[in-house]
Amino acid sequence: MAQLAAGSAVPCALVALTVFGAPAWACLLCFTSYSERIRICQTFVGVAGPKVEKCEKALEAAFEGLLDTEINYDERSHLHDSFTQMTLSLQEIATAQGSYEVAFPYAAEKMREAIAQLKEVQACIPPCGVQELSRRFRCRGCYSKVCDLPLDCPVQDVTVRRGDQAMFSCTVNFQLPKEEITYSWKFAEGGVRTQDTSYFRDMPRAHGYLARIRPVQPTHRGTFSCVITHDQLPLARLYFFLNVTGPPPRGETELQVAFREVLRWAPREAEGVEPWRPSLGELLAKPEALTLSNLGLLAAAAALASAGVTLLAWMFFRWYFSGN
């Protein structure tokens, strides 16, 4: 008998689950077709009649223990091959006039052993991410599912002093596929701490799982986001809130102080700059103000004063002796 492909058996099983409402057959329905199961019972008890229905119920009861079976998604083809071998073995037993009451429980036990030999399902690792390698196939319903975890990871807080280096690592604690993994970075500026994608803008120069900023400035305060994709499908979104603290570096502080001094002492058009004209008292009180020009002025004033006193004395003595 030709073997059926695993891809064709599962859709037929879904139809059977819906029409016949037989959840106890779940694992058997996922990997065998209705025609295969009927042919087995017809080989055991005949083409038609109540014995066929009784055989079907016995087959259902034998595999009832596999109702809630979950397997590694990548092991579906191996399990399908095991069921195909089982159907062939049951047909051989039926042809040899064996008893289905003995053959069905034995076949079900062999299937449990085969399932136990399959690769185990990887556990879900919280707190986030679409973990494809932990995808599992459920016999109850014949469908696959991944971990019930959000795509967005919690925001990680990163504090860096101004002028230092900030580094973000876009890594997750679950295993990623080996090929076609890409990383894209975005930034929400303005010091906002958010996971709302509408706040973010692309950072086209950032590539790979590492992002580095140096030197860190207050304008870098905000939320950085990294999206991990596989074959254009997002697997996880990581967020890093960068908080910039501390004063600016020493060299930058000295430069800013010098710049402010230049601005303060530079002439301004709105303000008139008047020369300083010190008085004689200010010149005598502040020796540091006695420049060469000021010394010349002081000497000239002293000479004029001396000449004036001499002239007055000469005029007094002339008047005095002329009277006598």
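The values are calculated or read from the model by the stated rules, or taken from the named source; none is laboratory data. Predicted, not measured: the structure shown is a model, and the values here were computed from it. Because the Cβ atoms are built from the backbone with ideal geometry, glycine has one as well, and the counts that use them run over all protein chains shown. Quick note on the areas: whole protein, heavy atoms, side chains included, nothing else; ligands and nucleic acids left out. Shrake-Rupley method; radii C 1.70, N 1.55, O 1.52, S 1.80 Å.
So here's what we get for this one:
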| item | result |
| --- | --- |
| Theoretical FRET efficiency, 1/(1+(r/R0)^6), r = Cβ-Cβ of LEU151 and LYS119, R0 22 Å, to 0.05 | 0.25 |
| Protein accessible area in the stretch 151-245, 1.4 Å probe - carbon and sulfur % | 46 percent |
| Average accessible area per residue (Å²) across the stretch 151-245 - probe 1.4 Å, nucleic acids and ligands excluded | 59 Å² |
| Positive minus negative residues near VAL45 (Lys, Arg vs Asp, Glu; Cβ under 14 Å) | +2 |
| Distance cut-off 24 Å, percentage of C-alpha pairs in the stretch 151-245 lying past it | 17 percent |
| Accessible area in square angstrom per residue, the stretch 22-101, 1.4 angstrom probe | 47 Å² |
| Cα-Cα over 25 Å, subset of LYS145/LYS178; LYS54/LYS145; LYS57/LYS119 | LYS54/LYS145; LYS57/LYS119 |
